[in-house]
Amino acid sequence: MRVWLKGAAIGAVALVATTGVALTVVAPARADGAAARHEIALSLALLTDGNYNAARSKAEAAIKADPKWGLAHAVLARSYLALGDGIAAEGELTRAAANGFDMARGHQMLAEAWLLQGDANRAMTEAAKADPRFGGYAARVIARALAQQGRVADATAVLGKLLDADPTDAAAWRDLGRIRLTAGDVAGASSDATRAVALAPADLAALTLRGELVRQQYGLAAAVPWFEAALQRDAYYHPALIEYAATMGDMGRYGAMLGAARRALAARPGSPQALYLEAVLAARAENYDLARDLMQRTGGAVDTLPGALLLNGTLDYQAGAYEQAIEKWRELVGRQPMNITARRLLGAALLRSGDARGALDVLRPVALRGDADSYTLGLVGRAFEASGQRDWAARFLDRAAWPVVGGSNPFGSDDPLAVLAGAAADDPGNPALAVGEIRGMIDAGRASDALARAQALAASRPGAPAAQLLVGDTLMTMGRYAAAADAYRHAADIRFDEPTMLRTVDALDRAGRRPEASTVLATYLLQHPESVAALRLVAHWQVARGDWDGALATLEDLRARVGSRDAGLLAELAYANVGADNADDALSYAAAAYDVAPMNPVATDAYGWAFYAAGDDAKAKDLLEKAASLAPRHAGIRWHLAQVYADLGRTAEAKGLIAAVLADPTFTDRAPAQALLKTLG
């Protein structure tokens with residue numbers, strides 16, 4: 001034991017530069033001095049090893065053994081700082097000073113305590129008083145305070161100077177990584193976090209940051225080992241528990257999510273982040289009363305976060321408080337104009353409240369996309385109906401009934417280009433405004449100008465995925481799909497999230513590189529097995545190539561996730577079962593789709609096609625004629641009806657329909673149609 005304690009003491013001395021506690025460990029003159037010294041040695045060793053909660057417990061034990069030892073209070077304060085508790089740290093530093101600890105050695109710690117409490121100005125003033133021995137620690141506090149004030153360039157300069165003097169300062173690399181991530185420089189942040197972990201593998205904040213970055217860059221599953229590495233050192237480290245719980249939830253592992261959230265609450269009673277995560281779980285289980293109670297218990301501490309705005313709006317909507325829901329979702333859309341989910345919810349709420357024009361304004365940028373979903377298109381159609389514009393309503397309702405699977409076009413902008421350009425010129429260093437201007441150029445048809453601007457922005461911010469995506473978006477509007485795919489893959493190397501994946505897959509597919517697109521999609525699904533968008537795309541491709549068994553497995557997985565009230569999904573299950581010669585199952589799914597949406601041509605067509613597969617040509621004809629009347633321009637429906645007419649001996653009508661579909665360049669079943677036409681003479 002004596003040998004171990006000697007090693008612990010050496011480790012404790014080595015910790016001085018990073019903890020900011022100058023050690024002059026002398027035997028306390030009162031109480032149980034030997035026990036207190038032993039516990040402090042253990043506490044400092046545990047801090048070095050990354051077990052901050054255990055370090056706190058040992059420091060508390062030292063204080064219990066000798067309540068009047070100022071150094072013990074200072075070490076406990078350092079433990080609280082490592083755990084992110086600025087209030088408790090300030091209290092212990094006050095007690096340390098009252099019990100003889102020289103606060104000339106503690107300015108940097110007090111500065112961090114105030115920073116954690118959100119007082120950046122006071123933190124910088126206090127950090128400036130730090131002894132030169134703790135200059136690195138003080139500089140890091142100042143940099144974080146500057147970043148907290150939005151002065152990212154100044155913060156980066158402070159840390160850059162510090163790292164020029166000492167490239168082995170792991171904490172500086174960690175703080176620089178966090179600041180760069182907040183500023184959107186994912187690639188730069190990843191490099192910084194990698195260096196921090198390499199230099200200090202026991203730094204829990206660095207491990208957690210690395211996990212967050214890996215999650216953005218490579219996916220959910222890849223991030224898990226980093227959070228687990230932090231939790232192996234300290235099972236109750238709150239930041240890692242929160243990130244781990246959120247990741248488990250996104251992966252569909254709700255039991256693990258709940259367990260981690262509960263541990264986070266045990267580590268930090270009343271944790272708003274943990275209560276929010278539990279509220280998300282409750283809402284997913286449709287226990288809205290529990291979710292509402294949990295959110296109220298957060299005391300509003302997380303209400304400004306995007307996820308909380310989304311959840312609180314949903315809870316308001318469920319309770320019939322539509323205006324409150326609209327207010328929250330409007331704020332979210334204002335802060336995240338490319339959040340399609342928020343726009344859908346806001347548009348639906350505005351339409352329900354009678355504000356059809358407001359709903360159209362919110363939904364227009366989504367509905368104009370080639371890959372707009374049926375729900376959004378249906379909302380827009382109903383909004384046009386409510387405003388008396390029946391011609392426009394018919395167009396969007398027709399698209400909603402059988403939307404073409406289009407590309408993931410750039411998200412439209414609500415503001416005129418002149419406004420966007422003026423805002424960017426007024427604040428040239430703001431990348432978000434530059435992005436808005438470029439998207440405005442795309443919407444205005446100035447693709448060449450947009451491309452030049454986007455390429456310049458990407459060159460100036462090589463680590464920002466949004467800048468790389470803009471290059472790809474612009475190239476897509478110009479029809480340069482292969483080049484767009486390369487730009488999207490560059491963005492995916494920085495952040496591989498769902499929008500980036502969908503863009504990359506779409507561009508590769510349009511460029512005639514379906515195998516590469518399939519690889520990208522499969523890679524994403526390995527990391528994000530819960531992604532409904534990815535699974536829908538997989539199923540669509542499986543149906544298109546006649547992989548009926550694979551399509552059925554994927555579609556059944558989707559049905560388990562989204563339920564049995566999605567008419568489009570049920571219809572696709574019917575088509576897949578027809579392809580797999582499961583006529584009874586096809587009829588069952590088609591009937592369910594038709595029951596959900598009897599005026600939806602895709603559901604009607606699926607029902608008719610299932611009857612045709614079952615040998616009931618009469619019922620098939622009636623349903624397929626109805627589908628054709630609902631969507632008269634859709635080649636797939638006309639081709640199905642042509643086959644029924646041919647079997648019923650209505651040769652002239654069959655030939656006319658086949659000629660019409662063969663004249664449609666989007667029609668893909670050309671060989672069997674030509675063969676049937678030849679047979680009919």
**OP:** Using the structure shown, decide if Ala291 is open to solvent by less than 10 Å² (accessible area, probe 1.4 Å), at pLDDT 95 or above and of a type in the set (A, V, I, L, M).
**Re:** yes
Subject >> Every pair of residues 6+ apart whose Cβ atoms lie under 6 Å, when the first sits in the stretch 327-355 and is over 11 Å from Leu309 (Cβ atoms) and assigned to a helix (DSSP H, G or I) while the second is open to solvent by less than 10 Å² (accessible area, probe 1.4 Å) and not hydrophobic (A, V, I, L, M, F, W, C) >> reply: Arg344/Thr376
Original post:
Which one of these does Ala635 not meet: (1) buried (at least 18 other Cβ atoms within 10 Å of the Cβ); (2) free of Cβ contacts under 8 Å to residues at least 12 places away in the same chain; (3) of a type in the set (A, V, I, L, M)?
Top reply: (2)
**OP:** Could you tell me whether Thr182 is more than 20 Å from Leu115 (Cα to Cα) and of a type in the set (Ser, Thr, Tyr)?
**Re:** no
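A quick yes/no check of all residues on (1) of a type in the set (S, T, N, Q); (2) more than 21 Å from Thr48 (Cα to Cα):
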residue	(1), (2)
Lys58	no, no
Leu83	no, no
Gly106	no, no
Leu115	no, yes
Phe134	no, no
Gln149	yes, yes
Original post:
Do we find a residue being surrounded by 15 or more Cβ atoms within 10 Å (Cβ to Cβ) and more than 23 Å from the chain's Cα centre (by Cα) anywhere in the stretch 303-315?
Top reply: no
Original post:
So which residues in the stretch 158-191 are part of a loop (DSSP other than H, G, I, E, B), in contact with a helix residue (DSSP H, G or I) (Cβ under 8 Å, 6 or more places away or on another chain), open to solvent by 30 Å² or more (accessible area, probe 1.4 Å) and within 19 Å of Gly463 (Cβ to Cβ), if there are any at all?
Top reply: Ala183
**OP:** Could you check how many residues of the stretch 478-515 are part of a helix (DSSP H, G or I) and open to solvent by less than 60 Å² (accessible area, probe 1.4 Å)?
**Re:** 19
Subject >> Single match in Ala31, Ala8 (criterion: among the aliphatic types (A, V, I, L, M), under 22 Å from Tyr236 (Cβ atoms) and modelled with pLDDT under 85) >> reply: Ala8
Original post:
So which residues in the stretch 641-659 are within 18 Å of Lys621 (Cα to Cα) and surrounded by fewer than 19 Cβ atoms within 10 Å (Cβ to Cβ), if there are any at all?
Top reply: Asp647, Leu648, Gly649, Arg650, Thr651, Ala652, Glu653, Lys655, Gly656
Original post:
Can we say Leu363 is farther than 24 Å from Ala631 by Cα and modelled with pLDDT of 75 or more?
Top reply: no
Subject >> Some residue of the stretch 197-220 being farther than 18 Å from Arg140 by Cα and basic (Lys, Arg) >> reply: yes
Original post:
Only one residue in Asn577, Asn582, Asn600 is surrounded by fewer than 22 Cβ atoms within 10 Å (Cβ to Cβ) and of a type outside the set (Val, Ile, Thr). Which one?
Top reply: Asn582
Original post:
Could you say which residue among Ile442, Ile438 is open to solvent by less than 70 Å² (accessible area, probe 1.4 Å), touching a Lys or Arg at 6+ places or on another chain (Cβ under 6 Å) and at pLDDT below 85?
Top reply: Ile438
**OP:** State yes or no: is Tyr218 in contact (Cβ under 8 Å) with a residue 60 or more places away in the chain and surrounded by 23 or more Cβ atoms within 10 Å (Cβ to Cβ)?
**Re:** no
**OP:** Just name the residue that is nearest to Gly307 (Cα to Cα) out of those in the stretch 262-273 that are free of Cβ contacts under 8 Å to residues at least 60 places away in the same chain and in a helix (DSSP H, G or I).
**Re:** Gln273
Subject >> Checklist (1) open to solvent by less than 30 Å² (accessible area, probe 1.4 Å); (2) charged (D, E, K, R); (3) at positive phi applied to Asp605, failing item >> reply: (3)
Original post:
Are there any pairs, at least 6 apart or on different chains, whose C-beta atoms fall under 6 Å, with the first in the stretch 274-296 and closer than 12 Å to Ala246 by Cα and the second part of a helix (DSSP H, G or I) and among the polar types (S, T, N, Q), and if so, which?
Top reply: none
**OP:** Test Ala260 against the stated conditions and say whether it is open to solvent by 10 Å² or more (accessible area, probe 1.4 Å), within 22 Å of the chain's Cα centre (by Cα) and either over 21 Å from Asp303 (Cα atoms) or not polar (S, T, N, Q) (or both).
**Re:** no
Original post:
Can you pull out the residues in the stretch 613-629 that are touching a helix residue (DSSP H, G or I) at 6+ places or on another chain (Cβ under 7 Å), open to solvent by 50 Å² or more (accessible area, probe 1.4 Å) and not small (Gly, Ala, Ser)?
Top reply: Lys619, Glu625, Lys626
Original post:
How many residues does the stretch 247-257 contain that are part of a helix (DSSP H, G or I) and open to solvent by less than 30 Å² (accessible area, probe 1.4 Å)?
Top reply: 4
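Results for (1) farther than 27 Å from Ala593 by Cα; (2) out of contact with any Pro (no Cβ under 7 Å at 6 or more places or on another chain); (3) not charged (D, E, K, R), shown as yes or no for each residue.
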| residue | (1), (2), (3) |
| --- | --- |
| Ala482 | yes, yes, yes |
| Ala485 | yes, yes, yes |
| Thr500 | yes, no, yes |
| Asp509 | yes, yes, no |
| Arg513 | yes, yes, no |
| Ala539 | no, yes, yes |
| Asp549 | no, yes, no |
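The values are calculated or read from the model by the stated rules, or taken from the named source; none is laboratory data. Note that the structure is predicted; figures quoted are calculated from it, not measured. Note that each Cβ is placed from the backbone with ideal geometry, even for glycine, and that neighbours are counted across all protein chains shown. Areas reflect the complete protein model, heavy atoms only, side chains present, ligands, DNA and RNA absent. Shrake-Rupley method; radii C 1.70, N 1.55, O 1.52, S 1.80 Å.
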